[in-house]
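Trainee: Before I ask anything, here is the structure I am working with.
Just so it is clear, none of the values below were taken in a lab; they were calculated from the coordinates. Quantities reported herein were computed from a predicted structural model and do not represent experimental measurements. Here the Cβ positions follow ideal geometry from the backbone for every residue, glycine too, while neighbour counts run over all protein chains shown.
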Amino acid sequence: MFYGMDKNVIRMKEIKKSKFITYLFSVTTISQVKDILDQLHIEHKKATHICYAYRLTNPCYEKASDDGEPSGTAGIPMLDVLKKKNIKNILAIVVRYFGGIKLGAGGLVRAYSSSVVEALEESAIVPMEIVHVYQIECTFSTYQECLQRIHAIAHKVEIQYGQNVIVQFYSNLTKEEIEIETGYQVQYQKDEVCQIG
């Protein structure tokens with residue numbers, strides 16, 4: 001289990017005349033990250049630095065950028081906050097407008113990490129997990145019994161009617177465990193991130 005965010009956040013603070021604008025976005029793909037960063041570079045053309053950190057689950061990937069700040073003083077501290085809180089599928093961006101007073105390496109680390117911590121305090125953090133998506137095809141005469149068995153082991157159930165009934169559902173169990181529990185042959189579809197709280 002890990003944690004995710006179900007609402008985006010924007011927060012601004014000033015430290016020694018420098019403005020730090022923090023953005024938190026719920027993301028699931030690298031292309032979403034790229035689109036958001038491209039947009040913020042347009043919105044904040046005059047910013048001194050646009051530093052970021054993100055963590056994704058599928059594929060499992062993380063990255064951080066100091067964007068011109070001294071190495072290890074911005075992106076990595078931001079990423080460390082996300083790791084310590086076990087938050088994934090999140091993009092944290094801190095836009096800095098330099099105010100003329102240098103903060104030093106320690107001051108930068110504190111500024112960037114505290115910006116993310118404070119923004120996270122304003123967000124809605126929810127428990128998440130990666131679940132397997134399965135599918136069972138059954139007849140109209142057996143699908144009510146099939147549904148009862150699936151509801152006992154599944155998070156979410158979707159039904160499609162055609163010549164037969166196709167039941168798609170989310171579960172943490174393996175394909176073999178589901179087949180034992182339900183008595184039906186199961187078809188694996190994919191893995192997805194699911195909110196559990």
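Trainee: Quick one: if you stick a label point 7 Å off each Cα along the C-beta vector at Lys16 and Lys85, how many nm between them?
Mentor: Roughly 2.5 nm, to one decimal.
Trainee: If you don't mind, there's one more thing I want to ask. Can you tell me the length gained on complete extension of the stretch Lys156 to Lys190, counting 0.36 nm per residue apart and subtracting the Cα distance?
Mentor: 10.8 nm
Trainee: Continuing with this model, one more query. How large is the charge dipole for the chain, taken about the Cα centre, if only the Cβ atoms of Lys, Arg (+1) and Asp, Glu (-1) carry charge, to the nearest 20 debye? Write down the numbers at each step before the final one.
Mentor: Values: 22 positive and 23 negative charges, 267 e Å.
The dipole magnitude comes to about 1280 debye.
Trainee: Something else: Report the label-to-label distance for Glu181 and Lys102 in nanometres (one decimal), using points 7 Å from each Cα along the Cα→Cβ vector.
Mentor: Calculated label separation equals 6.0 nm.
Trainee: Related question: Would you calculate, for the chain, the mean residue ellipticity at 222 nm contributed by helices, counting each DSSP H stretch of 4 or more residues as -39,500 (n - 2.57) and dividing by all residues, to the nearest 500?
Mentor: Values: 5 runs with 60 residues, N = 197.
Only helices count here, giving -9500 deg cm²/dmol.
Trainee: How much length is gained on full extension from Lys34 to Asn164, taking 0.36 nm per residue of separation minus their Cα-Cα distance? Provide the component values of the computation, followed by the final result.
Mentor: Values: separation 130, 0.36 × 130 = 46.80 nm, distance 4.22 nm.
My answer for the length gained is 42.6 nm.
Trainee: What net charge is computed for the residues neighbouring Ser31, neighbours being all others with C-beta under 14 Å from the C-beta of Ser31, Lys and Arg scored +1, Asp and Glu -1?
Mentor: 0
Trainee: Another one. Averaging the inverse of every distinct alpha carbon separation and then flipping it gives the Kirkwood radius. What is it for the chain, in angstrom units? Don't jump to the answer; show the numbers that get you there.
Mentor: Numbers: mean 1/r = 0.0525 Å⁻¹.
Computed over the chain, the radius equals 19.0 Å.
Trainee: Still on this structure: In terms of Cα to Cα distance under 30 Å, which lysines are near enough to Lys84, apart from those fewer than 8 places away along the same chain?
Mentor: Lys7, Lys13, Lys16, Lys17, Lys19, Lys34, Lys63, Lys102, Lys156, Lys190
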